[in-house]
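The structure appears below as structure tokens.
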Amino acid sequence: MTVPVITDVRITPVAFADPPLLNAAGVHEPLVLRSIVEVRTDTGLTGLGETYGDADILALLRRAGEAVIGATPYQVGRLFPVLAAALGAGDPDAPTGMTRKLLATIVAPFDTAFHDLQGQIAGVPVWALLGGRQRDAVDYSGYLFYKWDRHPGAQPDAWGAALDAEAIVAQAQRMIGTWGFRSLKLKGGVFPPDQEAEAIERLHEAFPEVPLRIDPNGTWDVRTAVRIASRLERALEYYEDPTPGITAMAEVAQKTSLPLATNMCVVEQGHINEGFRRDAVQVVLIDHHYWGGFRPSMQLAATCAAMNVGISMHSNSHLGISLAAMLHLGASVEKLDYALDTHWPWKRAEDDVVADTSHLTIRKGAITVPDRPGLGVEIDESRLQRLHEAYTETTIRRRDDTGYIRQFQPDFDSRLPRWFEEDAR
């Protein structure tokens, strides 16, 4: 058999519309930036990857793309050392300031694309390459946000404002009614802790059989986190990053029966030993985008299973390539304890680079695992160019939720933590 060789890599930055979703860092800007990675071979096959679109990431992706020319899709295990050498990882004098986490972020879309190519060559889905399908459908959680009704100066969006508990309950009803979500997550860290706790309580009253979770993104101090945990113990399935750092999380964990989840304090290999040894987290939200793709994510999942740590998956604003990758990973992980996060409902249907996303439809809170070769998605060139034009026309070159909100709220406080127990008295 002739082994395909990579002859070309195309990196295309794109931008697509995003609602004004509030969070601990500020508020989402009108456009999300993403990078689409296309790895082409001498046999005419193209493997796909998707990742962040900030200018510094984009520059590193382009250098990485040059470094994989001449490789084969089966050399996926060499991506870390090859790209580390190309990008100066481990070199204190390297101008990029390359860290292990940043390196993993650059490796991830190439890992995804290499697996996509392997699946296409063999005529099997990516999940078959990862050890087989463990489930026929992957569950997702409805992601609730406090939000403005519009970006300043723009027309109101289809969702409307959500600035209190009543509006969050209405948003949840729409999520459940449209997509059938069977679990819900509230992005917190926006309003005072008791106000967000009230929203969870109202959700629990409205949907008593639906598992709930809240993510304040480390905005609460330990005492506040412990108090709110006690208040919400009966309503939550897990408690995500209420306070920042392994030390603080470990202290909270000692004082609540709620499982603590994270995608903030265990986000690279060097965090695993301390985080698990100190029992700071009981659930890890895997994200293939910053763990380095499929292979490292599967290794992390195996470690979590061995240490009796639960698994879910983290999400950021994304397109169909990333959703497909999450789906294959979620199908393959042997022990998947919780529904996965996704921002998918917040994206307009017309804003995607994938030609056909019908097989990625969320029904009854889940997506059926596909049998298509590779990732099972293809680029629509006209859509790609349209979203690339949106990128070229915007002045946004890096995500900056804090800078954006300070245009309208100059005194916005971005400290972590920023709510302290004494403030509640």
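The 3J(HN,Hα) values that the Karplus relation (6.51, -1.76, 1.60; θ = phi - 60°) gives for region 76-84 are, in residue order, 4, x, 9, 4, 4, x, 5, 6, 4 Hz. Gly and Pro appear as x. Helix 320-332 sits at what angle to the longest principal axis of the chain, using alpha carbons and giving 0 to 90 degrees rounded to 10? Taking the Cα atoms of the chain, the angle to 320-332 is about 80 degrees. What's the center-to-center distance, using Cα atoms, between region 6-83 and region 192-258 in Å? Using only Cα atoms, the two centres lie 35 Å from each other.
The ellipsoid that matches the Cα gyration tensor of region 253-398 has semi-axes, each √(5λ) in whole angstrom, of 31, 18, 14, with the longest given first.
A probe of 1.4 angstrom, applied to the heavy atoms of all protein chains, finds E198 with accessible area near 80 square angstrom. Taking θ as phi - 60° and the Karplus parameters 6.51, -1.76 and 1.60, the scalar couplings of region 259-276 work out to x, 9, 10, 8, 9, 10, 9, 10, 10, 7, 3, x, 8, 5, 4, 5, x, 7 Hz in sequence order, x denoting glycine and proline.
Cβ-Cβ distance of I69 and T303, R₀ of 25 Å, FRET efficiency by 1/(1 + (r/R0)^6): the value works out to about 0.15.
Summarising the label geometry, the points placed 7 Å from Cα in the beta-carbon direction at R133 and R62 lie 4.1 nm from one another.
Of the residues I106, I121, ranked by 1.4 Å probe accessible area with the largest first, the sequence reads I121, I106. Probing with 1.4 Å while keeping every protein chain in the model, the per residue accessible area of region 249-399 equals 38 Å². Computed from Cα atoms, the angle from the helix 294-306 axis to the main principal axis of the chain rounds to 50 degrees.
To the nearest ten degrees, helix 55-67 and the longest principal axis of the Cα atoms of the chain are 30 degrees apart.
Counting only protein heavy atoms and using a 1.4 Å probe, the accessible area of W419 comes to about 50 Å². Once the Cα-Cα distance is subtracted from the 0.36 nm per residue extended length, the Q385 to Q409 segment shows a gain of 5.2 nm. With all protein chains in place and ligands, DNA and RNA left out, the 1.4 Å accessible area ranks F276, F114 as F276, F114, largest first.
Per residue, the chain reaches -11000 deg cm²/dmol at 222 nm when only DSSP H runs of four or more residues are counted, each adding -39500 (n - 2.57). Here, region 1-108 has an Rg and a Dmax of 15.9, 53 Å when only alpha carbons are counted. For region 193-205, putting each phi into the Karplus relation 6.51 cos²θ - 1.76 cosθ + 1.60 with θ = phi - 60° gives couplings of x, 5, 5, 6, 4, 4, 4, 5, 5, 5, 5, 5, 5 Hz, in residue order, rounded to whole numbers and with x for Gly and Pro. Evaluated at q = 0.21, 0.23, 0.26 Å⁻¹, the base-10 log of the normalised Debye intensity for region 319-396, with identical point scatterers placed on the Cα atoms, takes the values -1.01, -1.15, -1.35.
The share of alpha-carbon pairs in region 100-191 lying farther apart than 21 Å comes to 59%.
Each residue, V3 and T368, gets one label point 7 Å from its Cα in the Cβ direction; the gap between the two is 3.7 nm. Taking the Cα centre of the chain as reference, the dipole from Cβ charges on Lys and Arg (+1) and Asp and Glu (-1) amounts to some 520 debye.
Under Stokes-Einstein, with the Kirkwood radius over Cα pairs standing in for Rh, what whole-number D in µm²/s applies to the chain at 4 °C and 1.567 mPa s? Walk me through the intermediate numbers first.
Numbers: Rh = 22.0 Å.
Calculated translational D: 59 µm²/s.
Note on exposure: W179, W291 ranked by accessible area (1.4 Å probe, complete protein assembly) read W179, W291, with the most exposed listed first. Label-to-label distance, A206 versus T402, with points set 7 angstrom from Cα along the beta-carbon direction: 3.2 nm.
Computed FRET efficiency, Cβ-Cβ of T361 and E422, R0 51 Å: what is it to the nearest 0.05?
Values: r = 48 Å, r/R0 = 0.94.
The value I calculate is 0.60.
Carbon-plus-sulfur accessible fraction, the chain (probe radius 1.4 Å, protein heavy atoms only): 48%. Amide H contacts of G310 (H built 1.01 Å from N, in plane; Pro and chain starts excluded): V283, V284 sit under 5 Å, all sequence-distant by 5 or more or on other chains.
The values are calculated or read from the model by the stated rules, or taken from the named source; none is laboratory data. Keep in mind the model is a prediction, meaning the values are calculated, not measured. Positions of Cβ are backbone-derived with ideal geometry, glycine not excepted, and every protein chain shown enters the neighbour counts. Accessible surface is based on the protein model in full, side chains and every heavy atom, while ligands, DNA and RNA are left aside. Shrake-Rupley method; radii C 1.70, N 1.55, O 1.52, S 1.80 Å.
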